[in-house]
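Worksheet: the structure to be examined is printed underneath.
Since every read-out is calculated from the coordinates, none of them should be taken as a lab result. Everything quoted here is computed from the prediction, not taken from an experiment. Don't worry about glycine lacking a Cβ; one is built from the backbone with ideal geometry, like all the others, and counts go over all protein chains shown.
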Amino acid sequence: MRVEVDQPKCVASGQCVLAAPDVFDQDDDGIVVTLNDRPDTGLHDDVREAAALCPAAVISLVEK
Amino acid sequence: MTETVADTAAGLPGYPSPRAAGCPFDPPPALRPPHADRPVSRVRLWDGTQPWLITRHADLRTLLNDPRVSADSTRDGYPHRSASMQGSDPATQTFLSMDDPEHARLRRMVTSPFAIRKMEALRPSIQKIVDDLIDAMLAGPRPVDLVEAFALPVPSLVICALLGVPYEKHDFFQRNTRVIVRRTSSPEEVAAANTALVDYMDDLLGDKLAHPADDLLSTLATERVATGEMTRREAARMGNLLLAAGHETTANMIALGTVALLRNPDQLARLRDTEDPKAVAGAVEELLRYLNITHSGRRRVALEDIEIGGETIRAGEGLIFANDIANRDPDAFPGPDRLDLSRDARRHVAFGYGVHQCLGQPLARVELQVVYSTLYRRIPTLALDTPFEQLEFKHDGLVYGVYKLPVTW
Ligand code: HEM
Ligand code: SF4
């Protein structure tokens, strides 16, 4: 799985950080950054939940 | 259009509609499936207009994130809550009722302090505020109104510290905010309350410009107003939005959540007995879902024709997203009318959805986690001091809750 984030669309809700703190963080302005864009399988459920929770469709997952 | 106002008005449910007697936690039955026969249908507002009501969880998530749906309350067709909201001066708008790119530009000016990491850093000071207020309550007389003694002071103290507003002014801003969120206030009363609040904030920004401190208003003053990026009046309106949204909402969650838990003693026991922060966080999400205090709908207007749920919403028509009903959608939450603190409720829409989803949610979460994990533990015998049936619920409020909550222990 590869994780992509479209930062200009981020509204800093923080939902992704709560759902998958090993994969998402926020910069000084509260905008999403990825800590690891190829997370281990064990994190995939959390990452999918983060993408589903994101209110602004910022997170896309390329499954492969 | 095949249907005219006169044809359809008679059979349409009014919005808002009353909740059922004896069910103060459940959304109005007339608006919920199966009583509302179609998932997307019209309702009738105070002024006779007939916007669409969206009640399904999936539809709400689809449309609130659709750029063809506008939050701009100055557009024709926008479904206003009341005459006073409709009559309000466009110059008093905040980013809450603007669309991108203007909304994004303004919202981003204030996202920084609400980042998860910064909210976590505030947790110890929020815990101290909560503990001190409980100490004072325990040392004082019984019964006490939990709203006045605890629910309102907690978020007010926190947001004052974050913004840099002196807490001594709380009577002033709480009173004026109450006028604004009460549906029965006259347009003149709302305008006067708004002006008083913005004038005050404007003066405060003047002080911050002269003597900047380590708070959000000082940052706005020195980095945005002094640079000419926004006027002092605009910054004052933004500060006011944060002050109002920052205390009135969380306060209602604290008091109403306490009522719901006292009515569900098995759930209250589960919360009181857990040491697990994850269980507490999960309980907060479930209480947000179940109580959905923002019960007067997210209001929008369509910019283009939109097909949804077998209906065509025309450009220029109003839309109301009933997040309270979506949070009880059985397709999203099995057994939705049950308060079940152990369920995974994270996909609730109590904070809205789309680009306007609550800016303060990380703060609200930490406040509620601290409150719910502390209050019932420190006062295990907490009980209502009035019959449940006599509690007065804020049926007429922009935000739902109880006016007073007499408790004893
Ligand atoms: C439990 C407490 C809270 C609830 C249930 C709540 C609910 C909501 C909802 C439903 C919206 C979306 C409005 C819409 O889409 O039309 C919203 C927006 C907003 N909330 Fe909250 N809120 C809470 C606490 C807070 C706090 C503590 C703050 C702190 C400053 C805050 C600040 C805001 C702001 C600024 C917006 C506008 C965001 C935008 O338009 O981009 N809220 N809130
Ligand atoms: S959930 Fe979405 S909007 Fe919220 S911080 Fe993460 S990427 Fe940004």
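A few comments on the model shown:
- Compared with the rule-of-thumb size 2.2 N^0.38 Å for a compact globular protein, the protein assembly as shown has a Cα radius of gyration ratio of 0.96.
- Partners for B:Lys404 among aspartates and glutamates (Cα-Cα distance below 19 Å; same-chain residues under 8 apart left out): B:Asp145, B:Glu148, B:Asp171, B:Glu248, B:Asp385, B:Glu389, B:Glu392, B:Asp396
- Volume in Å³ per residue [convex hull over Cα atoms, computed for chain A]: 66
- Summary of the geometry: the stretch B:346-409 and the stretch B:149-189, compared by the centres of their Cα atoms, lie 16 Å apart.
- Sites listed here are GluC sites (Glu not before Pro) in the stretch B:160-251 whose DSSP assignment is loop and whose Cβ has at most 14 other Cβ atoms within 10 Å: B:Glu229.
- Listed by chain and number, the aspartates and glutamates whose alpha-carbon sits under 19 Å from that of A:Lys64, ignoring those within fewer than 8 places in the same chain, are A:Glu4, A:Asp37, A:Asp40, A:Asp45, A:Asp46, A:Glu49.
- Ranking of B:Met253, A:Met1 by count of other Cβ atoms within 10 Å, fewest first: A:Met1, B:Met253
- The stretch B:139-187: C-alpha gyration tensor shape, a/c 1.5 cut-off, then a/b vs b/c: oblate
- Here the simple spin-label model places points 7 Å from the Cα toward Cβ, and for B:Asp214 and B:Phe388 these points are separated by 4.6 nm.
- Calculated FRET efficiency, B:Cys23 to A:Asp28, Cβ-Cβ distance, R0 = 41 Å: about 0.35 to the nearest 0.05.
- Ranked by how many other beta carbons lie within 10 Å on average, peptides B:207-219, B:377-389 from highest: B:207-219, B:377-389
- Its relative contact order, with pairs defined as Cα atoms under 8 Å and 6+ residues apart, puts chain A at 47 percent.
- Stretchable slack from B:Arg117 to B:Leu96, in nm (0.36 nm times residue separation minus alpha-carbon distance): 5.1 nm
- When the convex hull of its Cα atoms is projected in every direction, mean area for the stretch B:38-181 (nm²): 12.8
- Note on B:344-355: average number of Cβ atoms from other chains within 10 Å of each residue's Cβ is 3.
- FRET E, pair B:Thr227, B:Lys169, Förster distance 35 Å, beta-carbon r, rounded to 0.05: 0.80
- Global geometry of the stretch B:5-408, whether rounded, prolate or oblate, following the gyration tensor of its Cα atoms and the 1.5 cut on a/c: oblate
- GluC sites (Glu not before Pro) restricted to the stretch B:263-310 and DSSP loop, no more than 16 other C-beta within 10 Å: B:Glu275, B:Glu304
- Orientation-averaged projection of the stretch B:196-282 equals 8.1 nm² [convex hull of Cα atoms, one quarter of hull surface area].
- Three-way shape label, the stretch B:294-363, alpha-carbon gyration tensor, a/c 1.5: oblate
- Placed amide H near A:Phe24: partners under 5 Å, 5+ positions off or other chain: A:Leu35
- Shielding value for B:362-373 is 1, the average number of Cβ atoms from other chains within 10 Å of each residue's Cβ.
- Between B:Arg328, B:Arg75, B:Arg56, the Gaussian network model of chain B with springs among Cα atoms under 10 angstrom shows the greatest mean-square fluctuation at B:Arg75.
- As a proxy for reagent exposure, ranking A:Cys54, B:Cys23, B:Cys358 by other Cβ atoms within 10 Å from fewest up yields B:Cys23, B:Cys358, A:Cys54.
- Selected from B:Pro362, B:Pro28, B:Pro265 as most flexible by GNM, with chain B as the system and alpha-carbon contacts under 10 Å: B:Pro265
- Cross-link pairs exceeding 24 Å between alpha carbons, from the set A:Lys9/B:Lys208; B:Lys118/B:Lys208; B:Lys118/B:Lys278; B:Lys118/B:Lys394: A:Lys9/B:Lys208; B:Lys118/B:Lys394.
- Length gained when the stretch B:Asp76-B:Ala192 is fully extended (0.36 nm per residue, less Cα-Cα span): 39.3 nm
- Residue by residue along A:6-18, Cβ atoms of other protein chains within 10 Å of the local Cβ number 6 on average.
- Here the Karplus relation 6.51 cos²θ - 1.76 cosθ + 1.60, evaluated at θ = phi - 60°, turns the backbone of the stretch B:350-358 into coupling constants of 5, 9, x, 7, x, 5, 8, 3, 2 Hz, with x for every Gly and Pro.
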